[in-house]
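*Asks:* Structure incoming, see below.
Quick note: the coordinates plus some simple rules give every number you see, no bench work behind them. Note that the structure is predicted; figures quoted are calculated from it, not measured. Every residue, glycine among them, receives a Cβ derived from its backbone with ideal geometry; neighbour counts consider all protein chains shown.
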Amino acid sequence: MTKILIVEDDAVIAGAIARHAASWGYETACVKDFRHVLEEMRAFSPHLILLDIALPGRNGFHWCQEIRKESSVPVIFISSASDNMNIVMAIGMGGDDFVAKPFDLNVLWAKVQALLRRTYDFAAAPVLSHKGADLNTADATLTVNGEKVELTRNEYRLMETLLRRRGAIVSRETLMEKLWESDSFVDENTLSVNITRLRRKLESVGLRDYIVTRKGAGYIIE
């Protein structure tokens, strides 16, 4: 399920966005503690972030810069401070788009969906391609620079999940849930073993450090 993190201190606006997202079948989380935006982002592992500029304590510009130090997850700024300087700063700090308040939820969601499609190839071709790796979701095959890599069922599920969410941290819990779908018994050790084997296979075809560990958070394909 596509996950949207809402970083907005106005509870009415945040709630309206969350309800609209739910109507589209998206999962949302609203940041509660604006001193720990990064921690909540890591725990949720969103596909996209909606970020206000005026927040308690540090502003949205600060948090966007911090997010960009560890993730390329797409960010849309939402703010009533919509003068040209703030728009330029938002994009300069690493934002991908800007929506001025007050906004129509349908317009906001059109931008959200367009950015998700561009970032993750949603509803596009069945091949997920990134940094030399081509994962064909139609026949569950992986090709790296023209060389076929044999994957087990669990390795394929891990690769697909991480590629679909590339640029975002995927928690160990999410990955274990994905492996459970194959009717296999999965625990922490099983996940670690499968990640290690997948990394070795990727390294054998030249993709070293393709899957990065974020200590205490999960894994990410940057």
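*Asks:* With a cut-off of 8 Å between alpha carbons and a minimum separation of six or more residues, what is the relative contact order of the chain in percent?
*Replies:* Once divided by the residue count of the chain, the mean separation gives 15 percent.
*Asks:* Also, I was wondering about something else. Just flag the trypsin sites (Lys or Arg not before Pro) in region 132-172 sitting in loop per DSSP whose Cβ has no more than 11 other Cβ atoms within 10 Å.
*Replies:* Working: sites: 148, 153, 157, 164, 165, 166, 172; in loops: 165, 166.
When the trypsin sites (Lys or Arg not before Pro) of region 132-172 are filtered for loop state and at most 11 Cβ neighbours within 10 Å, nothing remains.
*Asks:* I'd like the trypsin sites (Lys or Arg not before Pro) in region 32-112 restricted to DSSP loop residues with at most 13 other Cβ atoms within 10 Å, sorted by number. Show your work: numbers first, answer last.
*Replies:* Working: sites: 32, 35, 42, 58, 68, 69, 111; in loops: 32, 35, 58, 69.
Hits after loop and neighbour filter: 32, 35, 58, 69.
*Asks:* Set the bar at 32 Å for Cα to Cα. Now go through 148/178; 111/148; 32/111 and name every pair that lies beyond it. It would help to have the intermediate numbers written out before the result.
*Replies:* On the way: 148/178 24 Å; 111/148 37 Å; 32/111 24 Å.
In this structure, 111/148 lie more than 32 Å apart at Cα.
*Asks:* Let me ask something else. Binned at 5 Å from 0, what are the whole-percent values of the Cα-Cα distance distribution for region 17-142, short to long?
*Replies:* In order of increasing distance, the bins hold 2, 9, 18, 20, 20, 14, 8, 5, 2, 1 percent.
*Asks:* Using 0.36 nm per residue of separation minus the Cα-Cα distance, give me the extension gain between residue 10 and residue 80 in nm, one decimal.
*Replies:* Result for the pair: 24.0 nm of gain on full extension.
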